[in-house]
Amino acid sequence: MQPSREEQAVIKLKPVLGPVQLVFYGVGVIVGAGVYSVIGSAAGIAQQNLWLSFVIGAVVALLTGFSYAEMTTSFPSAGVEYQYLRRALPQFAFVSFGAGLVILVGGATAAATVAVAFGGYLRTFADIPIWLSASALLAVCTALNIWGLRESSWANILFTAVEVTGLILVIAAGSTKSDLFKPLLTTTGDGALPAAATVFFVYLGFEKIANMTEEVRNPSRDIPGAIFLSIAVTTMLYVLVSLAVTSLAPPDELARSEAPLALAIESVWPRAGNVLGAIAILSTANTALISLIADSRLAYSMGRDNQIPRVFASLLPDRDTPWVAATFIFAMSELLIPIGNVKILAELSSLTALLAFLAVNFALIILRYRLPDHERPFRVPFAVGRMPVIPVVAIVSIFLLMVNIDWEIYLAGCGVILLTWLAYLIQQQWRHC
């Protein structure tokens, strides 16, 4: 049966994004707020080999980036991980439904994480309760999300430019030291791999580009390029920043500091720390904005497929934005703010992101066998027969990183999965009523 005119109006998103906006989305969400804090603890582990840890993290991210590039161009749709599993395992509806809900929780957790971090940064400038500023940030970002992707993309471009400027300031401070590039010539590799498990999480975010697929004017051309270019740009920035901070301050001091980048830059420019603090505020705001946008597209996609109530696929008249889905993700994120602990929220978000990466890589392998003749504008290189090699290597690397996540987070993850199973049973009853 063909959908009615009203149904067609519900299921169509407006393509408004070009390659430049996509790259800014990718760079903006990858840079985020993580590097402003994670780099210190990683420096304590890797010492002068910190730059190598970022290279290793980038390679692991790139492996899954190949899979996202193929799947996004082969099956362009919002809510990518959920849609890929639906196609790969159509006989196991719970798997795609459960993955969709787990990723929704992870996206809301990511937004709550950076909103709480935003409140912490802002409190260094003004005595505002963290919960209040975090809630206000989520409300403003949701309003931008509902207003329109074109408008929110320009806000993202502005925020991303400011974020990158902050990192360039750190690199400029490091360039005043004559031994800036010495670690490249004297690296031993000691501590680089354990630290890579920490710094990998600052690369999370490139996958959110894929959730914009339906709103990209030429996804087959622009999505792969945006994914690879985003990872390349951020890797270059991270490597230069890591060289800069280890030349400006001893790695052990960086590890003890709550604001390692500020500590490093203040060794050259004493008042620059406040500037970086202000940039961190914009950085967290930008990450929250992109997380809310991407997650609302997944909720929209699941609503359109009747996996959750179809009202979530409703678009705002004249704006063509999923306003119900955006409001729902906003509410989920707000409910998580009282947890208040950035570390717990961040690790739960990281776990769900790694599960999403596993889903995409497994789905790609399955679909290479189930749909071998399907048109693939971008194809992951290197295969043995029909078995693609890169996704297999990506799966192994993801499992190695997951070993480093605290067991308490796995308990929380099991709770989310149990709730997902309950939601699936309720959904099945609802659909048969």
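The values are calculated or read from the model by the stated rules, or taken from the named source; none is laboratory data. Everything numeric in this text was worked out from a predicted model, so none of it was measured. Quick reminder, even Gly has a Cβ in these numbers, built from the backbone with ideal geometry, and neighbours come from all protein chains shown. Accessible surface areas use protein heavy atoms only, side chains included; no ligands, DNA or RNA. Shrake-Rupley method; radii C 1.70, N 1.55, O 1.52, S 1.80 Å.
Results, tabulated for the structure shown:
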{"quantity": "Subset tally (residues that are β-branched (Val, Ile, Thr), farther than 15 Å from residue 281 by Cβ and touching a Gly at 6+ places or on another chain (Cβ under 9 Å)) for region 116-163", "calculated": "1"}
{"quantity": "In region 312-338, the residues that are under 27 Å from residue 130 (Cβ atoms) and of a type in the set (A, V, I, L, M, F, W, C)", "calculated": "325, 326, 328, 329, 330, 331, 332, 335, 336, 337"}
{"quantity": "Only one of 315, 335, 351, 367 that is under 26 Å from residue 406 (Cβ atoms) and open to solvent by less than 30 Å² (accessible area, probe 1.4 Å)", "calculated": "351"}
{"quantity": "Leading residue by the ranking (most open to solvent (accessible area, probe 1.4 Å)) among those in region 175-192 that are more than 14 Å from residue 239 (Cα to Cα) and of a type in the set (Gly, Ala, Ser)", "calculated": "178"}
{"quantity": "Residue 54, sole failed condition from (1) crowded, with 22+ Cβ neighbours inside 10 Å; (2) within 19 Å of residue 245 (Cα to Cα); (3) modelled with pLDDT under 80", "calculated": "(3)"}
{"quantity": "Test: residue 306 is over 25 Å from the mean Cα position of the chain (by Cα) and on the phi > 0 side of the Ramachandran plot", "calculated": "yes"}
{"quantity": "Helices (runs of 4 or more DSSP H) enclosed by region 204-278 - at least 3 residues per element that are at pLDDT below 90 and either over 30 Å from residue 361 (Cα atoms) or open to solvent by 40 Å² or more (accessible area, probe 1.4 Å) (or both)", "calculated": "251-256, 260-266"}
{"quantity": "Failed item in (1) open to solvent by 20 Å² or more (accessible area, probe 1.4 Å); (2) more than 30 Å from residue 132 (Cα to Cα); (3) at pLDDT below 85, with residue 427 passing the rest", "calculated": "(1)"}
{"quantity": "Extreme residue, nearest to residue 350 (Cα to Cα), among residues of region 63-88 that are among the hydrophobic types (A, V, I, L, M, F, W, C) and modelled with pLDDT under 85", "calculated": "80"}
{"quantity": "Tally, over region 172-216, of residues that are within 18 Å of residue 46 (Cα to Cα) and polar (S, T, N, Q)", "calculated": "4"}
{"quantity": "Contacts under 8 angstrom Cβ, first residue in region 41-68 being at positive phi, partner modelled with pLDDT of 90 or more and part of a helix (DSSP H, G or I), 6 or more apart", "calculated": "47/246"}
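Per-residue answers, yes or no, for (1) touching a residue at least 40 places away in the same chain (Cβ under 8 Å); (2) assigned to a helix (DSSP H, G or I); (3) acidic (Asp, Glu):
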site	(1), (2), (3)
82	yes, yes, no
91	no, no, no
95	no, yes, no
112	yes, yes, no
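Residue-by-condition table, conditions (1) modelled with pLDDT of 80 or more; (2) crowded, with 17+ Cβ neighbours inside 10 Å; (3) over 17 Å from residue 299 (Cα atoms); (4) of a type in the set (A, V, I, L, M):
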| position | (1), (2), (3), (4) |
| --- | --- |
| 117 | no, yes, yes, yes |
| 140 | yes, no, yes, yes |
| 156 | no, yes, yes, no |
| 164 | yes, yes, yes, yes |
